[in-house]
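Chemist: Quick one: structure below, then a few questions.
Quick note: the coordinates plus some simple rules give every number you see, no bench work behind them. Everything quoted here is computed from the prediction, not taken from an experiment. For neighbour counting, all protein chains shown are included, and Cβ atoms are generated from backbone atoms with ideal geometry for every residue, glycine included.
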């Protein structure tokens, strides 16, 4: 039995019912939790065999609650840890962690370098992808484009990005790269402005497209729940973020056998290693243009080999592979706490 707690009205709260889960409401708490916050979490911890958190802001309150109740704490790493966590309160929080799960080997290495964690308590399990990413038959590109309302000329190669429109996501680099590419290459941007950052990035990008003379080759779609047809419409996918922790959209493109180019920053570098994609220097629009040109000029066999390698890696995120691995790790964490 799983009890799922979330802040009422948060994205986690809103999405839980779609997975058949009825969340238990917990109040929003500051990063440094109050005594009342810890008391509430202690009540949850006493009723549980294990507490599993993902948000970094929950580490303080969860570590204090679990330390006082003896309930094992599992932390799923959601962000990069680029700075050392060496202050006394960092050490107190991390000492309460029983199991630490990273989505990539590079994130695990970063956690070991910058926190008091020890190697035996750290593990690597990739982010999950729903079976539909693998099981849904791929739509022909032209059909997918028509279904998305894209009226493109014949002979167009379509590159795409999916995600929030934000200065840190590299869409400005994409437009500058597009200006350096041949006219038969177009770019599809799917996403909405980042909420509450005070930047209307969509307007900025559309003005930039006009300034660069690529307005007729830049296409825009609002964010959507079902992005699977977007990938099927593409000849290549570009992960342009300046520093993406993992990038679920990269895994989605790999699962759909879309050739990927990605900035060699954050977790993207590891995802594309071993011939699974083509990298480019982050924030370098000319190198991005080079990578796009290179992936579109690959012969059919080379493209198929790269996509096969990418798909095989993405299959590690399939529930058939992940659920048994998670079940084993959860049992191991609970049993270890009971014997110590």
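Chemist: Between residue 32 and residue 321, 0.36 nm times their residue separation minus their Cα-Cα distance comes to what?
Modeler: Going from the current span to full extension adds 100.4 nm.
Chemist: Between 0 and 90 degrees, rounded to the nearest ten: what's the tilt of helix 201-212 against the longest Cα principal axis of the chain?
Modeler: Compared with the principal axis, the helix lies near 30 degrees.
Chemist: Another one. Starting from the Cα of residue 87, step 7 Å along the direction of its Cβ; do the same at residue 220; then give the gap between the two resulting points in nm.
Modeler: About 4.1 nm separates the two model spin labels.
Chemist: Can you tell me which of 23, 319, 229 moves the most in a GNM of the chain? Springs connect C-alpha atoms under 10 Å apart.
Modeler: 23
Chemist: Can you sort 35, 101 by how many other beta carbons sit within 10 Å, fewest first? Provide the component values of the computation, followed by the final result.
Modeler: Values: 35 7, 101 22.
With the fewest neighbours first, 35, 101 line up as 35, 101.
Chemist: For a quick check, take a GNM of the chain with Cα springs below 10 Å and name the residue from 162, 190, 260 with the largest mean-square fluctuation.
Modeler: 190
Chemist: Now for a separate question. Would you compute the Debye intensity of segment 193-259 from its alpha-carbon atoms alone, equal scatterers and no solvent, and pass along log10 I(q)/I(0) at q = 0.18 Å⁻¹ to two decimals?
Modeler: -0.93
Chemist: Mind pulling the angle between the C-alpha long axis of helix 285-296 and the longest principal axis of the chain? Nearest 10 degrees, somewhere in 0 to 90.
Modeler: On a 0 to 90 degree scale, this one is about 80.
Chemist: Can I ask one more? Using square roots of five times the C-alpha gyration tensor eigenvalues, list the equivalent-ellipsoid semi-axes of segment 283-332 in whole Å, biggest first. Show your work: numbers first, answer last.
Modeler: Working: eigenvalues 252, 50, 5 Å².
Ellipsoid half-lengths, sorted descending, are 35, 16, 5 Å.
Chemist: In degrees, nearest 10, range 0 to 90: what is the angle between the Cα axis of helix 59-69 and the longest Cα principal axis of the chain?
Modeler: 30
Chemist: Stretch residue 200-residue 147 to full length: gain in nm at 0.36 nm per residue minus the Cα-Cα span? Write down the numbers at each step before the final one.
Modeler: Working: separation 53, 0.36 × 53 = 19.08 nm, distance 2.76 nm.
Full extension from residue 200 to residue 147 adds 16.3 nm.
Chemist: On the principal axes of its Cα set, how long, how wide and how thick is segment 1-128? Give whole Å, largest value first.
Modeler: The Cα atoms of segment 1-128 stretch 37, 34, 24 Å along their principal axes.
Chemist: Build a GNM of the chain with springs between Cα atoms under 10 Å: which of 200, 192, 154 gets the top mean-square fluctuation?
Modeler: Answer for the Gaussian network model of the chain: 154.
Chemist: Could you work out the per residue convex hull volume over the alpha carbons of segment 1-56, in cubic angstrom? Working shown, then result.
Modeler: On the way: hull volume 5.0 nm³, N = 56.
Once divided by residue count, the hull of segment 1-56 is 88 Å³.
Chemist: Would you mind listing how long segment 35-92 runs along its three principal axes, going by Cα atoms, in whole Å with the largest first?
Modeler: Largest first, segment 35-92 extends 34, 21, 17 Å along its Cα principal axes.
Chemist: While we're here: With the cut-off at 1.5 for a/c, could you classify segment 62-106 from its C-alpha gyration tensor as rounded, prolate or oblate? Mind showing how you got there, number by number?
Modeler: Details: a/c = 3.01, a/b = 1.35, b/c = 2.24.
Here segment 62-106 falls in the oblate category.
Chemist: Continuing with this model, one more query. How large is the Kirkwood hydrodynamic radius of the chain, in angstrom, based on all distinct alpha carbon pairs? Can you show the working numbers first?
Modeler: Numbers: mean 1/r = 0.0458 Å⁻¹.
Taking the inverse mean of 1/r over all distinct Cα pairs, the chain comes out at 21.8 Å.
Chemist: So, one more: Can you pull the Rg over Rh of segment 243-340, Cα-only, Kirkwood? Each step should come with its number before you reach the end.
Modeler: Values: Rg = 17.3 Å, Rh = 15.0 Å.
Using only Cα positions, Rg/Rh for segment 243-340 is 1.15.
Chemist: Cα-based Rg of segment 132-317 per 2.2 N^0.38 Å, rounded to two decimals? Don't jump to the answer; show the numbers that get you there.
Modeler: Working: Rg = 15.1 Å, N = 186, 2.2 N^0.38 = 16.0 Å.
Cα Rg divided by the expected 2.2 N^0.38 Å: 0.94.
Chemist: When only Cα pairs under 8 Å and 6 or more residues apart are kept, what is the percent relative contact order across segment 132-317?
Modeler: On the way: 322 pairs, mean separation 42.9, N = 186.
Averaging sequence separation for qualifying contacts and normalising by length gives 23 percent for segment 132-317.
Chemist: Can you give me the distance in nm between label points at residue 47 and residue 283, each placed 7 Å from the Cα along the Cα-to-Cβ direction?
Modeler: 4.8
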